[in-house]
1. Filter segment 100-144 for residues that are modelled with pLDDT of 70 or more, part of a loop (DSSP other than H, G, I, E, B) and exposed (fewer than 10 other Cβ atoms within 10 Å of the Cβ) and give the result.
2. Quick check on my filter: what residues within segment 88-99 are at pLDDT 70 or above and either in contact with an Asp or Glu (Cβ under 8 Å, 6 or more places away or on another chain) or not acidic (Asp, Glu) (or both)?
3. Take the residues of segment 38-57 that are surrounded by 13 or more Cβ atoms within 10 Å (Cβ to Cβ) and assigned to a helix (DSSP H, G or I): which is modelled with the lowest pLDDT?
4. For segment 70-82, indicate whether the set of residues that are more than 26 Å from Ser104 (Cα to Cα), touching a Phe, Trp or Tyr at 6+ places or on another chain (Cβ under 9 Å) and not basic (Lys, Arg) is non-empty.
Amino acid sequence: MWLKNLFADRKGSPRDPERDPLVNRGVFYLYLILGIQIFIVFGILAGIMVIGQVLATPMWMFIAAFAAGVWGLVFIYRKTKQKLEKIRDAISRVDLSDKNLELSFMGGVLTMRIEQNGRTPLLEAPSSSSAIIDAEPLESTAPR
């Protein structure tokens, strides 16, 4: 419940009718997931450093592990930035106003489905309050 309130629309923010809020929310969730993954990498790196210190690992190992961790984070940041730029360009060029969309990242590990019901159905079922009246079919006469 708190997650829903965290991402709820801000009151007083101007709304752009041309942009779809579901697409923006999906991109925000993507940023959030990537941020959590980077935080986990930092936690693993810190854990390795603490365990290494307890086991009296030489200092050059700490420096090498820290340098490898920083390089990995920079690499991940650059690749993520490139991919998000491609996604942003693709979304800005496509009109998604009446289409359903499914995004799949990392071989299907992260999949998002955005469904929109912009169109009304051609035939609608009658509401439960209205009664259906049975009528006799009319026979048409052929013109002479």
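1. Val109, Glu115, Glu136, Pro137, Leu138, Glu139, Ser140, Thr141, listed by residue number.
2. Answer for segment 88-99, where residues must be at pLDDT 70 or above and either in contact with an Asp or Glu (Cβ under 8 Å, 6 or more places away or on another chain) or not acidic (Asp, Glu) (or both): Arg88, Ala90, Ile91, Ser92, Arg93, Val94, Lys99.
3. Looking at residues that are surrounded by 13 or more Cβ atoms within 10 Å (Cβ to Cβ) and assigned to a helix (DSSP H, G or I), I get Gly52.
4. In the first step, residues of segment 70-82 are kept if they are more than 26 Å from Ser104 (Cα to Cα); the result is 70-71.
Imposing the further condition that a residue be touching a Phe, Trp or Tyr at 6+ places or on another chain (Cβ under 9 Å) reduces the set to none.
Scanning segment 70-82, I find no residue that is more than 26 Å from Ser104 (Cα to Cα), touching a Phe, Trp or Tyr at 6+ places or on another chain (Cβ under 9 Å) and not basic (Lys, Arg), so the answer is no.
The values are calculated or read from the model by the stated rules, or taken from the named source; none is laboratory data. Source: prediction; values computed, not measured. Positions of Cβ are generated from backbone atoms using ideal geometry, with glycine treated the same way; all protein chains shown enter the neighbour counts.
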